[in-house]
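Let me begin by presenting the structure, written as structure tokens, before commenting on it.
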Amino acid sequence: MKRPNKLATPAVLASLLLAPASTRAAEWHELGPAPMAHGGTGRISAIAAHPDDADVLFAGAATGGVWKYDGEHWTPLTDELPAAAIGAVAIAPSDPQVVYAGTGEANFAPHCYYGLGIYKSTDGGASWVQLAAETFGGRTIARLAVHPADADLVYAAVTTAGGFPTPYSAKGHPGALGPTGVYRSRDGGQTWTQLQDGIATDGATDVRIDPSQPDHVYAAIGSFFGADGNGVYKSTDGGDTWARLSDGLPAEDVGRTSLALAPSAPERVYALISAAANPTHPYNADTLGIYVSPDGGDSWSRTDPGNFQTGFGGYMSTIAVDPRDPEAVIAGGMSLLRSTNGGANYDTITPQHVDMHAIVYDADQRLVVGDDGGVHRSVDNGDSWTAINAELGVIQFYPSVSLHPTDRDFFLGGLQDNGTTRRDSSGAWAKVMGADGGYTALHPDQPDVVFAQIQHTANLYKSTDGGLSFDLSASGIPSSDRDAFFNPTVFDPNDANVLLYGTQRIYRSTDQGESWTAITEDLTDGGPLAAVRSIAWAPSNSEVLYAATTDGKLLISSDAGETWSETLTDLSDWSRVSRDIVVAPWDEDTAFVGVPRFGVDQVLKTTDRGASWSSMDGDLPDLPVNAIDVFRSEDGDEFVFVGTDRDVYISCDDGGHWTPIDDSGVPDTMVIEVRYQAQFDRLIVVTQGRGAWEFADVGPKEWLEICASDGGDDDDGDDDDGDDDDDGDDDDDGDDDDDDGGDDDDGDDDSGDDDDSGDDDNDSGDDDDDSGDDDDASHVGDTTDATSSTNANPPRELTSGCGCRGAPAPSRGVWLLGLAAIAARRASRRRRMPS
């Protein structure tokens with residue numbers, strides 16, 4: 001079946017996403033973890049320290065938004081803004097009330113997502129506006145640098161989103177391949193100009209201002225897969241013109257580059273440079289060296305820290321200099337290194353978690369780092385460390401979580417570089433396995449029998465005590481098989497002795513995982529990154545199975561997996577999705593599929609076992625759908641739940657109309673799993689960036705009311721009609737916020753605990769030979785000043801064409817999910833938290 005492209009205008013998206021909150025908003029509960037019992041939390045990609053107040057830090061989470069630290073606790077600041085992926089945070093030195101955050105995480109892995117512009121606060125983070133959605137939508141901000149004396153003069157390093165070999169994690173956003181490079185704004189982020197005179201416009205990975213001579217600006221062009229323009233550049237006229245620095249720097253095979261200036265002697269410049277990655281086998285981005293210039297970049301010498309990025313130079317690359325000593329440099333890769341003699345030698349000072357992404361010094365000269373386990377601080381320049389993650393709820397779950405049939409407190413789920421975690425009746429989350437936690441599977445009748453895994457094939461473990469301890473359970477599965485980073489593992493719903501496991505082929509166990517046998521040949525087209533990413537079993541008939549592959553196939557088996565036929569061959573995929581297929585419990589011939597990509601039909605349904613498919617998109621906003629679940633009540637009412645890149649929706653009329661059910665509840669982030677448990681009358685929502693959430697005490701009657709009310713009045717005192725009042729625009733911060741869319745210019749156990757897995761977690765680096773997706777997104781935006789969209793709220797319309805798969809490119813302003821109108825969305829809305 002040929003699926004038509006679809007397109008939603010910014011005005012349409014604004015009208016939908018400004019819809020009133022659901023009447024049941026008070027029923028949302030955050031389940032955590034925030035953080036886990038050992039103090040770890042999710043990935044922090046950026047940190048900014050207040051120049052005067054040592055208690056104040058701002059952190060950007062990978063897909064958890066911007067947070068503020070007050071010396072004891074963290075508070076989320078941007079839960080209602082449309083892009084949760086944060087790549088850069090900067091505080092204006094001349095006015096610390098002014099804070100900028102660049103969206104999109106520039107760490108080049110398939111789980112490092114696209115951005116939607118730049119956020120700005122003029123009141124220390126109390127309120128925010130969204131800027132430059134049209135200019136930068138679909139790409140990422142790697143660094144922001146603010147002029148030391150002018151809070152309105154800002155530089156941005158802009159690059160593509162992550163993935164192999166294309167901007168895979170942009171999910172088909174038409175801005176994915178838009179302009180990159182170094183940009184400058186002279187009006188506080190309202191408008192931006194791409195700087196081109198003497199500097200390449202390939203992906204920029206860093207930009208730094210000399211605080212003693214602010215017209216001297218350094219930039220790194222560091223396209224992950226290499227580019228002719230990659231290198232270090234310097235401007236002496238505030239960015240108008242640039243010169244490439246070359247004396248002593250490598251000229252070939254240059255990948256991502258990170259820069260640091262010594263605050264006490266800015267003429268001393270450091271550059272951490274990694275090799276260019278191979279698009280199909282990207283684990284070869286080794287450390288080329290740390291290069292040091294004593295004379296403002298005129299000459300450089302190489303120092304040798306060793307290959308401390310271990311092939312993942314695109315994913316983890318950060319460097320800083322001690323403000324008190326220009327010879328004391330701190331560099332982050334998989335480990336954290338320190339030199340006290342300008343790079344003559346290095347020692348390792350890694351905190352409790354590996355994979356470094358951000359390094360700063362606070363106002364008391366304490367060393368603070370952001371890594372895959374959260375934020376860690378040292379009072380002795382790295383000799384000892386303390387985790388400061390209290391209430392920092394930015395855990396990134398992977399699908400799939402296992403839920404207990406009778407114990408509503410039990411959860412077992414895999415996490416990005418934080419292992420597998422188990423939640424008990426006290427609400428505490430404990431790490432039970434290390435590395436990257438993947439698929440979990442719970443025996444339907446004996447809940448003490450559970451399976452969990454770490455990344456890559458044959459790393460499957462079984463527990464018979466509810467997840468307290470695990471033993472390897474992969475006999476018969478060769479580790480050489482390909483994988484989608486994780487391997488889907490599912491129980492037969494009618495015979496719990498039988499399980500299936502996916503690589504590029506399907507394996508079956510008939511003895512609860514003690515042994516495995518391949519029952520298929522390769523189900524993919526045989527590409528080096530192609531594998532089965534998702535398997536779904538029909539609850540009413542174990543003979544009927546569905547599977548999806550990373551190369552775009554949807555397959556069906558009617559004989560319990562022995563043979564398979566293709567039902568779709570161009571299914572737009574994202575390899576970290578594995579809860580995107582569900583077979584109706586009431587009918588083995590009816591199945592639903594979510595499609596995690598922009599500009600296509602995002603919810604598909606078949607009622608004839610894949611012979612034909614129809615779209616259920618209705619008025620669903622054009623958002624990638626990552627997860628889906630269905631439920632039929634005793635009265636025959638059918639409910640479809642979907643988790644998107646930002647919201648959770650329900651349809652009670654077979655996709656004709658969709659109602660958002662996460663307003664005043666789940667923060668706007670990537671929803672990776674939705675599970676309705678009828679026995680508990682609750683919806684479980686699992687996110688990749690803000691942990692797990694529960695929508696409690698909601699049964700069929702309440703779901704019908706939600707669909708009928710289309711949100712209703714949430715009685716929170718704010719204006720729910722989507723118009724211009726009471727939406728947070730007038731924040732009395734001294735800024736004219738009407739411009740917010742207007743005329744703008746792992747080898748070890750990272751926690752230190754015993755993970756019982758027997759695995760060496762330093763295979764972490766996490767990044768992932770999974771996708772070979774083809775992002776044909778057209779370029780949008782231009783290389784001159786651009787503006788963000790204005791608030792608008794017309795009826796929804798769909799137009800033909802999109803910026804992907806060869807269709808006509810959209811006009812500027814189309815597709816931009818950012819939108820200032822969404823950014824202003826009821827900042828005062830309240831969320832009920834657990835007691």
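The values are calculated or read from the model by the stated rules, or taken from the named source; none is laboratory data. What you see is a predicted model; the values in this text were computed from it and never measured. With ideal geometry, Cβ positions are generated from the backbone for all residues, glycine too; neighbour counts draw on all protein chains shown. Protein only, heavy atoms only, side chains kept; ligands, DNA and RNA dropped before computing areas. Shrake-Rupley method; radii C 1.70, N 1.55, O 1.52, S 1.80 Å.
Here is the figure for the stretch 213-224: residues that are part of a strand (DSSP E or B) and over 17 Å from Pro294 (Cβ atoms) total 4. Checked against (1) closer than 18 Å to Asp525 by Cα; (2) open to solvent by less than 50 Å² (accessible area, probe 1.4 Å), Thr569 passes all but condition (2).
Every condition in (1) among the hydrophobic types (A, V, I, L, M, F, W, C); (2) part of a strand (DSSP E or B); (3) under 25 Å from Met36 (Cα atoms) is met by Val490 except one, and the failing one is (3). Looking across the stretch 426-438, the residues that are crowded, with 24+ Cβ neighbours inside 10 Å and either over 22 Å from Ala62 (Cα atoms) or of a type in the set (A, V, I, L, M) (or both) come down to Val432, Met433, Ala435. If the condition is being assigned to a loop (DSSP other than H, G, I, E, B) and either open to solvent by 10 Å² or more (accessible area, probe 1.4 Å) or aliphatic (A, V, I, L, M) (or both), then the stretch 64-78 contributes Asp70, Gly71, Glu72, His73, Leu77.
Screening Tyr114 against (1) more than 19 Å from Ser223 (Cβ to Cβ); (2) open to solvent by 10 Å² or more (accessible area, probe 1.4 Å); (3) in contact with a helix residue (DSSP H, G or I) (Cβ under 6 Å, 6 or more places away or on another chain) leaves a single unmet condition, (1). Residues that are hydroxyl-bearing (Ser, Thr, Tyr), open to solvent by less than 10 Å² (accessible area, probe 1.4 Å) and over 17 Å from the mean Cα position of the chain (by Cα) were ranked within the stretch 120-145; the one that is farthest from Tyr361 (Cα to Cα) is Thr135. Residues satisfying the criterion are present in the stretch 128-135 (criterion: β-branched (Val, Ile, Thr) and touching a helix residue (DSSP H, G or I) at 6+ places or on another chain (Cβ under 8 Å)). I'd like the residue in the stretch 295-346 that is within 13 Å of Ala271 (Cα to Cα) and among the polar types (S, T, N, Q) and, out of all such residues, is farthest from the chain's Cα centre (by Cα). In this case the residue turns out to be Ser299.
Residues considered: Thr350, Thr280, Thr340, Thr318. Of these, the only one that is of a type in the set (S, T, N, Q), open to solvent by 10 Å² or more (accessible area, probe 1.4 Å) and within 27 Å of Gly203 (Cβ to Cβ) is Thr280. Applying the set (1) of a type outside the set (Ser, Thr, Tyr); (2) under 27 Å from Leu529 (Cβ atoms); (3) crowded, with 21+ Cβ neighbours inside 10 Å to Asp617 leaves exactly one unmet item: (2). May I ask you to verify whether Ala21 is among the aliphatic types (A, V, I, L, M), more than 29 Å from Thr122 (Cβ to Cβ) and either out of contact with any helix residue (DSSP H, G or I) (no Cβ under 6 Å at 6 or more places or on another chain) or at pLDDT below 95 (or both)? Here the answer is no, as Ala21 does not meet what is asked. Across the stretch 47-61, not a single residue is classified as modelled with pLDDT of 95 or more, open to solvent by less than 10 Å² (accessible area, probe 1.4 Å) and among the β-branched types (Val, Ile, Thr). Selection of the stretch 195-218 for residues being more than 25 Å from the chain's Cα centre (by Cα), of a type outside the set (Ser, Thr, Tyr) and crowded, with 23+ Cβ neighbours inside 10 Å yields Leu195, Ile199, Ile209, Val217. Kindly indicate whether any position in the stretch 589-597 is open to solvent by 10 Å² or more (accessible area, probe 1.4 Å), closer than 30 Å to Thr103 by Cα and either touching a Pro at 6+ places or on another chain (Cβ under 6 Å) or not in a loop (DSSP other than H, G, I, E, B) (or both). There is no residue in the stretch 589-597 that is open to solvent by 10 Å² or more (accessible area, probe 1.4 Å), closer than 30 Å to Thr103 by Cα and either touching a Pro at 6+ places or on another chain (Cβ under 6 Å) or not in a loop (DSSP other than H, G, I, E, B) (or both). So is Thr241 within 17 Å of Ala106 (Cα to Cα) and β-branched (Val, Ile, Thr) or not? No; evaluated as a whole, the condition is false for this residue. Apart from one condition, Trp574 fits all of (1) part of a loop (DSSP other than H, G, I, E, B); (2) open to solvent by 10 Å² or more (accessible area, probe 1.4 Å); the exception is (2). Once the stretch 612-636 is narrowed to residues that are of a type in the set (Asp, Glu) and over 25 Å from the mean Cα position of the chain (by Cα), the residue that is nearest to Pro596 (Cα to Cα) is Asp619. Looking at the stretch 512-530, can you tell me whether even one residue there is surrounded by 23 or more Cβ atoms within 10 Å (Cβ to Cβ) and either among the charged types (D, E, K, R) or part of a strand (DSSP E or B) (or both)? No - not one qualifying residue is present in the stretch 512-530.
Before we move on, is Phe639 open to solvent by less than 10 Å² (accessible area, probe 1.4 Å) and not in a loop (DSSP other than H, G, I, E, B)? In short, yes. Residues in the stretch 384-425 that are among the aromatic types (Phe, Trp, Tyr) and in a strand (DSSP E or B) were compared, and the one that is surrounded by the fewest Cβ atoms within 10 Å (Cβ to Cβ) is Phe411.
Within the stretch 206-216, being farther than 14 Å from Pro263 by Cα and aliphatic (A, V, I, L, M) holds for one residue alone: Val207.
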